[in-house]
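Engineer: Sharing a structure, written as structure tokens. Questions coming.
The values are calculated or read from the model by the stated rules, or taken from the named source; none is laboratory data. Since the structure is predicted, the reported quantities are computational estimates derived from the model, not experimental observations. Cβ placement follows ideal geometry from the backbone for every residue including glycine, while neighbour counts extend to all protein chains displayed. Note: areas computed on protein heavy atoms with side chains; ligands, DNA, RNA excluded. Shrake-Rupley method; radii C 1.70, N 1.55, O 1.52, S 1.80 Å.
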Amino acid sequence: MMPNTAAIPKQIFDIITQVINGTEKSIALHQPLFKGNEWNYTKECIDTGWVSSVGKFVDRFEQMLVELTGAKFVVATVNGTSALHLTFLLANIKPNDEVLTPALTFIGTTNPITYCQAIPHFIDSDPETLGINLKSLEDYLKEDTVIKNGTCINKYTNRHIKALSVMHTFGHPADLDALLDLANRYHLILIEDAAEALGSYYKNIHVGHHGYAGILSFNGNKIATTGGGGAILTNDPTVAKRAKHLSTTAKLPHPWLFMHDQIGFNYRLPNINAALGCAQLEQLPGFLKAKRALAKAYQAAFKNLYYITFVDEPAHAKSNFWLNTIILDESAAKYRDNILEFTNTNGIMTRPAWNLQHTLPMYQSAPKMPLTHAEKLAKQIINLPSSVELGKPYV
Ligand SMILES: *Cc1c(COP(=O)(O)O)cnc(C)c1O
């Protein structure tokens, strides 16, 4: 029997409070934790004057990310959005090219495509991993595209579909092997938006460098933060070299001359932000343990609530469990707003999924495949409080 309208929000609220050990103060969706060398390292930047675009912490931050992710090269940037913008430029995404990209994602996945004057082409989600729906994408490509001279052409717009952007939703790795195989068959450049997925692994390899290149974000709400920050991951030395050059105003190295050989960007991560990042990365193993413990506690607590599915890591993957997510079944989905209202009013921050990209005013006329699952999921998803510090006793 379905509990009544008033009972459902309370039932969910009680389970969340039980998992996070109830408290009087309000609980954020995701807040950063600074318990390591954050103060020491940022103070060092201020004491020495090295706060800006050059300094030892930027290099150290990149090196730490190389070791952590296994990517051969890492280039730090001012945020994840700029990292993705550079990645699309480097992948030679040109005006009027189309880029296949999820409808169910944050705006930071979509806008960088438009910055290149290319066109986002929205694709459907997998109801279990919340990533790309492989089967429907494959059927769609078979039906709606033709391969001409080794390029994938949209039959209806006649435009070149050049790339596939894969987002690892809430930190859960998409099925990269299958997506890479599909991308190869359709001559698509695979780019990973791994903004949410620092510490997530697909078949024991860290996400973000399985395709052409990928990006991370270190925004304040991500698992580790630099205040604002991002990074490009790649195994290709040429891509890495060009990424660094473009992110530093395309200035040629010289002790005193200002010579720039193309239109570059001021996208380099400042040293003071990198200092914060180094301190955060030192604590990442503990953060990941805490997140996993919290996720497992939610999962156990929600197990007997038949109208809820807790989103677990996919098989063959290890997730960072960045944002814990429940999916309401169809009978409970109509109470979604009551649940959001009740929990937020009572001091527990919860959130619905993002508004689907094709429903936003600037993207309503963009090409898209049938978005059946994404449209359903958008009404069923609720994100739960997921801060590292809730995963005691690991931090
Ligand atoms: C956070 C995020 C970004 C961009 O990150 P910023 O660092 O805020 O620019 C991009 N894509 C996704 C999916 C994100 O969650």
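Engineer: Could you say which residue among Lys162, Lys222 is within 15 Å of the ligand (Cβ to nearest atom) and basic (Lys, Arg)?
Structural biologist: Lys222
Engineer: Being more than 11 Å from the ligand (Cβ to nearest atom) and either touching a helix residue (DSSP H, G or I) at 6+ places or on another chain (Cβ under 6 Å) or in a strand (DSSP E or B) (or both) is the filter; apply it to segment 191-207 and report the residue that is most open to solvent (accessible area, probe 1.4 Å).
Structural biologist: If we take residues in segment 191-207 being more than 11 Å from the ligand (Cβ to nearest atom) and either touching a helix residue (DSSP H, G or I) at 6+ places or on another chain (Cβ under 6 Å) or in a strand (DSSP E or B) (or both), then Ile205 is most open to solvent (accessible area, probe 1.4 Å).
Engineer: With the requirement that a residue be small (Gly, Ala, Ser) and open to solvent by 30 Å² or more (accessible area, probe 1.4 Å), what does segment 309-365 give you?
Structural biologist: Passing the criteria: Ala315, Ser331, Ser365.
Let's see how each residue does on (1) out of contact with any helix residue (DSSP H, G or I) (no Cβ under 7 Å at 6 or more places or on another chain); (2) more than 30 Å from Ala28 (Cα to Cα):
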position: Gly211; (1), (2): no, yes
position: Leu246; (1), (2): no, yes
position: Phe265; (1), (2): no, yes
position: Cys278; (1), (2): no, no
position: Phe287; (1), (2): no, no
position: Arg292; (1), (2): yes, no
position: Asn304; (1), (2): yes, no
position: Thr309; (1), (2): yes, no
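Engineer: Another question, then. Please state which one of Leu164, Leu180 is crowded, with 19+ Cβ neighbours inside 10 Å, more than 18 Å from Phe321 (Cβ to Cβ) and not small (Gly, Ala, Ser).
Structural biologist: Going through Leu164, Leu180 in turn, the sole match is Leu164.
Engineer: Would you check which residues across segment 109-127 are farther than 12 Å from Ala366 by Cα and hydroxyl-bearing (Ser, Thr, Tyr) and list them?
Structural biologist: Hits for segment 109-127 are Thr109, Tyr115, Ser125.
Engineer: May I ask you to verify whether His210 is surrounded by 19 or more Cβ atoms within 10 Å (Cβ to Cβ), part of a loop (DSSP other than H, G, I, E, B) and more than 10 Å from the ligand (Cβ to nearest atom)?
Structural biologist: Answer is yes for this residue.
Engineer: Taking into account only those residues within segment 167-177 that are within 11 Å of the ligand (Cβ to nearest atom) and touching a residue at least 40 places away in the same chain (Cβ under 8 Å), which is surrounded by the fewest Cβ atoms within 10 Å (Cβ to Cβ)?
Structural biologist: Across segment 167-177, the extreme among qualifying residues is Phe170.
Engineer: Which pairs turn up if I take residues in segment 102-117 that are farther than 21 Å from Leu137 by Cβ and open to solvent by less than 40 Å² (accessible area, probe 1.4 Å) and look for partners that are within 8 Å of the ligand (Cβ to nearest atom) and not in a helix (DSSP H, G or I) with beta carbon separation below 6 Å, at least 6 apart in sequence or on another chain?
Structural biologist: none
Engineer: Shifting gears a bit: Could you list all residues from segment 218-239 that are open to solvent by less than 10 Å² (accessible area, probe 1.4 Å) and outside any loop (DSSP other than H, G, I, E, B)?
Structural biologist: Gly230, Ala231, Ile232, Leu233, Thr234, Val239 - these are the residues of segment 218-239 that are open to solvent by less than 10 Å² (accessible area, probe 1.4 Å) and outside any loop (DSSP other than H, G, I, E, B).
Engineer: Still on this structure, please answer the following. Select from segment 37-88 the residues that are away from the ligand (no atom under 16 Å from the Cβ), of a type in the set (A, V, I, L, M, F, W, C) and open to solvent by 10 Å² or more (accessible area, probe 1.4 Å) and list them in ascending order.
Structural biologist: Trp39, Ile46, Trp50, Val51, Val54, Met64, Val66, Leu68, Phe73
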